[in-house]
Amino acid sequence: MAVPGRILAGVLTLDVALGDRAYPILIGESLLSDAGTLGAYLDARDVLLVTNTTVGPLYAEPVMRALQGRRVVDVRLPDGEQHKTLENVSRVLDVLVANRFGRDSIVVALGGGVVGDLAGFSAACYQRGIAFAQLPTTLLSQVDSSVGGKTGVNHPGGKNLIGAFHQPRVVLSDTATLRTLPARELRAGLAEVIKYALVFDSEFLAWLEANLDALLALEPGALAHAIYRSCELKAEVVLRDEHERGDRALLNFGHTFGHAIETATGYTQWLHGEAVGAGMLIAADMSARIGLLKNEDVERVRVLVQRAGLATPPPRIGAERALQYMSVDKKVKAGRIRLVLLEGLGRARFTADYPDGALGATLAAHFG
C-alpha cells in the first residue's frame with residue numbers, strides 16, 4: 001500500500017511500498033542543494049548524473065556540490081522529446097562502461113520526463129540493472145513520469161515502444177525548480193494533474209477548478225498539494241498493477257490519442273502534456289458519443305483544459321492516418337485499440353468494447 005504522507009522539516013513524504021523495491025517520494029523546496037538529503041538517499045560511491053543542456057547549467061552544480069566526496073560523472077544530453085532515442089541510451093551506456101561503473105553505482109536523472117525515462121532505461125540495461133534515482137525538475141515529471149518505474153525511449157514507429165519497468169530508489173521533487181520552468185512547460189504538466197482528477201477523484205477535480213489560477217501563479221502550497229495528491233493517486237495504482245496488466249492502463253487517459261499527435265508531428269511540435277490535453281478532450285468526446293459521459297461533463301472537462309491552456313486542436317492529419325498511429329500503441333490487443341474512456345467525472349474504464357463507428361467519427365471530427 002501507499003503509506004500516508006508525513007511532513008519532515010517542511011518536506012512532504014510519501015512511501016511507495018513495493019516490498020524490496022519500495023521507495024520514498026519527497027516533495028519540498030531546495031532539495032537539490034540539500035547535502036544531507038541527497039547523501040542519505042544517493043549513497044553509492046560512484047554516481048552518473050544524467051541531465052540535459054537546459055537543466056544542467058541550472059542545477060547540476062548544486063547537486064554535484066551536495067555529493068562532494070563521491071565520484072560524480074556528468075552526462076548532458078540534448079533537450080527535447082525527439083532526443084529520447086536508443087542512440088542517446090547508447091551514449092549513456094558508453095559513459096558507464098568507459099568509467100568502469102560497477103553494479104553498486106547509481107544513475108541519477110536530473111531533468112524532466114525525457115531525461116528520467118532515458119536514464120532509467122539505461123540503468124535498467126547496464127549490467128542487467130543498477131540503481132537509479134529521479135530528481136525531476138518539471139511539473140510533468142514530478143507528478144507523473146518520475147513515479148512508477150516506467151522507463152524507455154521512442155521509436156520512429158511510435159512513442160515509448162522500447163523500455164523496461166525499473167523502479168527508482170528515491171524520487172526527490174524540488175518544487176523550487178518550477179520557478180525556472182517556462183510557462184508552456186508548466187501548463188503541459190498540468191495536463192497530467194488534470195488526468196488524475198478526471199480518472200480517479202472528483203473531489204480533486206473540484207479542487208483543481210477552484211485552485212487552477214493559484215497553480216499557474218506557482219503558489220507553493222497549491223503546487224505541493226497538487227504534486228502530492230497526483231503522486232498519491234499514481235502510487236495507489238502502481239501498487240495494484242505495477243506492470244500495467246490492468247488498472248494501471250487507466251493512467252493512459254488521453255494518451256493514445258495524444259501519442260498519435262506526437263508521432264505524426266515527429267515529437268518536435270507538441271509537448272507531451274499538450275498532446276495529452278488535446279487527447280483528453282478527444283477521449284471525453286468519444287465517451288459522450290457512446291453514452292458514457294453527460295454532455296455537461298464534457299463541457300466541464302473542456303473548460304478546465306482550456307483554462308490550463310491545453311485546448312489546442314490536433315493537427316488535421318486525417319482520421320485514417322491518426323488510426324494508423326494509434327494502431328501501433330502498446331495498448332492494442334489482438335488488433336483492437338483499447339481506450340481509456342470516462343464513465344463519469346472521477347471514474348474511467350479501459351476497454352475495447354465500443355462501436356467501430358464511434359471511434360471513426362471521433363477521429364474524423366478531431367483529425368479531419
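What the table below lists for this structure:
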{"read-out": "Filter result (of a type in the set (A, V, I, L, M) and either outside any helix (DSSP H, G or I) or surrounded by fewer than 18 Cβ atoms within 10 Å (Cβ to Cβ) (or both)) within the stretch 177-219", "value": "LEU181, ALA183, ALA206, ALA210, ALA214, LEU216, ALA217, LEU218"}
{"read-out": "Scope the stretch 92-151; condition at positive phi and basic (Lys, Arg); matching residues", "value": "ARG100, ARG128"}
{"read-out": "Which listed residue, of ARG245, ARG179, ARG184, is over 15 Å from the mean Cα position of the chain (by Cα), under 28 Å from ALA352 (Cα atoms) and among the basic types (Lys, Arg)", "value": "ARG245"}
{"read-out": "Qualifying residue in the stretch 253-261 (condition: in contact with a strand residue (DSSP E or B) (Cβ under 8 Å, 6 or more places away or on another chain), of a type in the set (A, V, I, L, M, F, W, C) and assigned to a loop (DSSP other than H, G, I, E, B))", "value": "yes"}
{"read-out": "Odd one out for ASP46, checked against (1) under 30 Å from GLY158 (Cβ atoms); (2) in contact with a Lys or Arg (Cβ under 7 Å, 6 or more places away or on another chain); (3) of a type outside the set (A, V, I, L, M)", "value": "(1)"}
{"read-out": "Qualifying positions in the stretch 250-298 - among the hydroxyl-bearing types (Ser, Thr, Tyr) and over 20 Å from the mean Cα position of the chain (by Cα)", "value": "SER287"}
{"read-out": "Unmet criterion (only one of (1) under 22 Å from LYS150 (Cβ atoms); (2) surrounded by fewer than 20 Cβ atoms within 10 Å (Cβ to Cβ)) for LEU77", "value": "(2)"}
{"read-out": "Contacts under 7 angstrom Cβ, first residue in the stretch 256-272 being within 14 Å of PRO313 (Cβ to Cβ) and touching a residue at least 24 places away in the same chain (Cβ under 8 Å), partner hydroxyl-bearing (Ser, Thr, Tyr) and in a helix (DSSP H, G or I), 6 or more apart", "value": "ALA260/TYR325; ALA264/TYR325"}
{"read-out": "Some residue of the stretch 283-297 being at pLDDT 95 or above, assigned to a helix (DSSP H, G or I) and in contact with a His (Cβ under 8 Å, 6 or more places away or on another chain)", "value": "yes"}
{"read-out": "VAL303 vs. criteria within 20 Å of VAL147 (Cα to Cα) and either in a helix (DSSP H, G or I) or in contact (Cβ under 8 Å) with a residue 12 or more places away in the chain (or both)", "value": "no"}
{"read-out": "Residue among GLN142, GLN167 that is in contact with a helix residue (DSSP H, G or I) (Cβ under 6 Å, 6 or more places away or on another chain), over 23 Å from ALA222 (Cα atoms) and modelled with pLDDT of 95 or more", "value": "GLN167"}
{"read-out": "Cβ-Cβ under 9 Å pairs, at least 6 apart or on other chains, the stretch 183-205 side modelled with pLDDT under 95, far side surrounded by fewer than 20 Cβ atoms within 10 Å (Cβ to Cβ) and among the aromatic types (Phe, Trp, Tyr)", "value": "none"}
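The values are calculated or read from the model by the stated rules, or taken from the named source; none is laboratory data. Since the structure is predicted, the reported quantities are computational estimates derived from the model, not experimental observations. All Cβ positions, even for glycine, are placed from backbone atoms using ideal geometry, and neighbour counts span all protein chains on display.
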